[in-house]
Amino acid sequence: MTHSAILDNVKKRNPNEPEFLQAAEEVIASVLPVLEKNPEFARLKLLERMLEPERLISFRVTWLDDRGEVQVNRGYRVQMNSAIGPYKGGLRFHPTVTPSVLKFLAFEQVFKNALTGIPMGGGKGGSDFDPKGKSDNEVMKFCQAFMGELARHIGHRLDVPAGDIGVGGREIGFLFGAYKKIRNEFTGVLTGKGIGWGGSLIRTEATGYGLIYFAENMLQNVGSSTKGKTCLVSGSGNVSQYAIEKIIQLGGKAITASDSNGVVVDEAGITMEKLEFLKELKNNRRGRIKEYADKYKCTYLSIDAKAEYNPLWNIKADCAFPCATQNEINAKDAGNLVKNGVKLLAEGANMPTTIDGINIVLDNGVMYAPGKASNAGGVATSGLEMTQNYMGSNWTREEVDAKLVGIMKDIHDTSLAAAKEYGSPGNYMAGANIAGFIKVAKAMQAQGVI
Ligand code: NDP
């Protein structure tokens, strides 16, 4: 089948799923040279099979809020591909969660997990539940109801969920407690657990740290480094906080952070002290980022979701790190980044750049790293948490961090090598898609037509 025939078929089979089609389109275009070189992969329809989830579970979640009112939400788990290991991927709690969003995330996860070198298949799940504005008690009630159904579909050798947007340490705790009670077993069924009950040191920091380690590799590859670079970071959640922390530690200057309401622009640079305030504001008090601008007297720009562009990407800088959500950089934003002299765009979020946006940055010589390579440090460290759970012992902070540094360098080098071998030297997107695809394809080929 040709590129357009495969894409047409996916479009026909998945109508009204724009996010999934966007993720599929990018990968299909990248792996075409692999299919041409390996006709056996094409004959076995390995790409077509990867585009179809092994299983998609949808279920009702019913719970009582603090006023005693019945609430009804929808829960999902997409078990995308288990060719190289148990399904692995986060849970997202956000009102925008749909099967299309979770299928795109699960599809990307398959390639990302393959790149880490740790044996993990791909999955993703979540709910349209919105934790914002809910009490701790309501979040716990929801998590218990959600796990009441999910528990029968997961297991430490079968499917190991983790956090994502709206699912942090608090939610993982409630979900783990519910699973343990239902199944009467203490296993590493979730990652991102607390230290002291099966969690790994550095897991909380891993996605943000890994992102900046990856960018450092990209910069070193062209004889530069993070030191002295002015950086734009979006979001103010888990990934953003630790990306900012690592930028500071490596001598760079992070000047922005955001939430869904607005952007703070701190020209003097976010310091460790200001970052501690941000963490306390977002993780404990669950407040809005405007408070940061008020406290440190810096510029605050409101975000209008319907506006043509996001003001965050229209600021002079050297590097850009989108760490909030999908499609936060459109073609106009990408043009603004180029205009403002940005030389490196590395994704902390999943699919934050539209296909048009990617083409603009690539055409203008911006070094671009796709999330499935540059944000893989989170799931890689989840893989390390699983290994520690299987062994029944814990590594030190230094040991886990050293492994994370090594994994991010391997993903960087593997992506570059695959891009070169298949005729797109320097193109991390093509390289990551190709290297991930080949690994999963070989396993599927060996396991027969199932
Ligand atoms: P958090 O929930 O901790 O933070 C999300 C941040 O993004 C918040 O600042 C939030 O603002 C903002 N945000 C979320 N949705 C939107 C939206 N629709 N429009 C504008 N802003 C939005 O999530 P994470 O930091 O864990 O995840 C961020 C991204 O990184 C996601 O794309 C996720 O898939 C990806 N990722 C996460 C990993 C992890 O280990 N956590 C691993 C790999 C990728 P507000 O508070 O206003 O909602």
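Please compute the contact order of the chain in relative form: average sequence separation of alpha-carbon pairs under 8 Å and at least six residues apart, divided by the residue count, as a percent.
15
Mind checking the range 171-244 for trypsin sites (Lys or Arg not before Pro) that DSSP puts in a loop (not H, G, I, E or B) and that have at most 12 other Cβ atoms within 10 Å?
Lys227
Once phi is turned into θ = phi - 60°, what whole-Hz ³J(HN,Hα) does the Karplus curve with 6.51, -1.76 and 1.60 give for every residue of the range 176-193, x standing for Gly and Pro?
For the range 176-193, the Karplus curve yields 5, x, 5, 4, 4, 5, 5, 8, 6, 8, 10, 9, x, 6, 10, 10, x, 6 Hz.
With every protein chain present, what is the per residue accessible area of the range 373-450 (1.4 Å probe, Å²)?
Accessible area per residue: 42 Å².
Figure the gain on full extension for Glu398 and Tyr309 (residue separation times 0.36 nm, minus the Cα-Cα span) and round it to one decimal in nm.
The Glu398-Tyr309 span can extend by a further 27.9 nm.
Would you mind telling me the share, in percent, of accessible area of the chain contributed by carbon and sulfur at probe 1.4 angstrom?
Ligands and nucleic acids excluded, carbon and sulfur reach 51 percent.
Roughly how far apart, in whole Å, are the Cα centres of the range 397-450 and the range 136-191?
So the two Cα centres are separated by 30 Å.
What's the magnitude of the charge dipole for the range 318-450 around its Cα centre, counting Lys and Arg as +1 and Asp and Glu as -1 at the beta-carbon? Answer in Debye, nearest 20.
220
Might you tell me the accessible area per residue for the range 222-372, computed with a 1.4 Å probe and given in Å²?
On a per-residue basis, 40 Å².
Excluding the sites themselves, what is the longest stretch of the chain that contains no chymotrypsin sites (Phe, Trp or Tyr not before Pro) in a DSSP loop with at most 13 other C-beta atoms within 10 Å?
No qualifying site falls inside 198-450, the longest such stretch.
Taking a ≥ b ≥ c as the square roots of the eigenvalues of the Cα gyration tensor of the range 35-194, is the shape rounded (a/c under 1.5), prolate (a/b larger than b/c) or oblate?
Prolate.
Defining a contact as two alpha carbons under 8 Å apart and six or more residues distant in sequence, what relative contact order in percent does the range 128-225 show?
23
With every protein chain kept in place and ligands, DNA and RNA left out, what is the accessible area per residue of the range 1-155? Probe 1.4 Å, answer in Å².
It amounts to 40 Å² per residue over the range 1-155.
Calculate the dipole size of the chain relative to its Cα centre from +1 charges on Lys and Arg beta carbons and -1 charges on Asp and Glu beta carbons; express the result in debye to the nearest 20.
640
What are the radius of gyration and Dmax of the chain, computed over its Cα atoms and given in Å?
20.8, 62
Taking the alpha carbon gyration tensor of the range 114-160, what are the square roots of 5 times its eigenvalues, largest first, to the nearest whole Å?
Equivalent-ellipsoid dimensions as semi-axes: 27, 14, 8 Å.
At most 14 other Cβ atoms within 10 Å and a DSSP loop assignment: could you name the trypsin sites (Lys or Arg not before Pro) in the range 39-127 that fit?
Arg67
If each DSSP helix of 4+ residues adds -39,500 (n - 2.57) and the sum is divided by the residues in the chain, what number results at 222 nm, nearest 500 deg cm²/dmol?
Calculated mean residue ellipticity at 222 nm is -15000 deg cm²/dmol.
The values are calculated or read from the model by the stated rules, or taken from the named source; none is laboratory data. Note that the coordinates shown come from a computational prediction; the quantities given were computed from them, not determined experimentally. All Cβ positions, glycine included, derive from the backbone under ideal geometry; neighbour counts span all protein chains shown. Please note that ligands, DNA and RNA were not included when accessible areas were found on the heavy atoms of the full protein model with its side chains. Shrake-Rupley method; radii C 1.70, N 1.55, O 1.52, S 1.80 Å.
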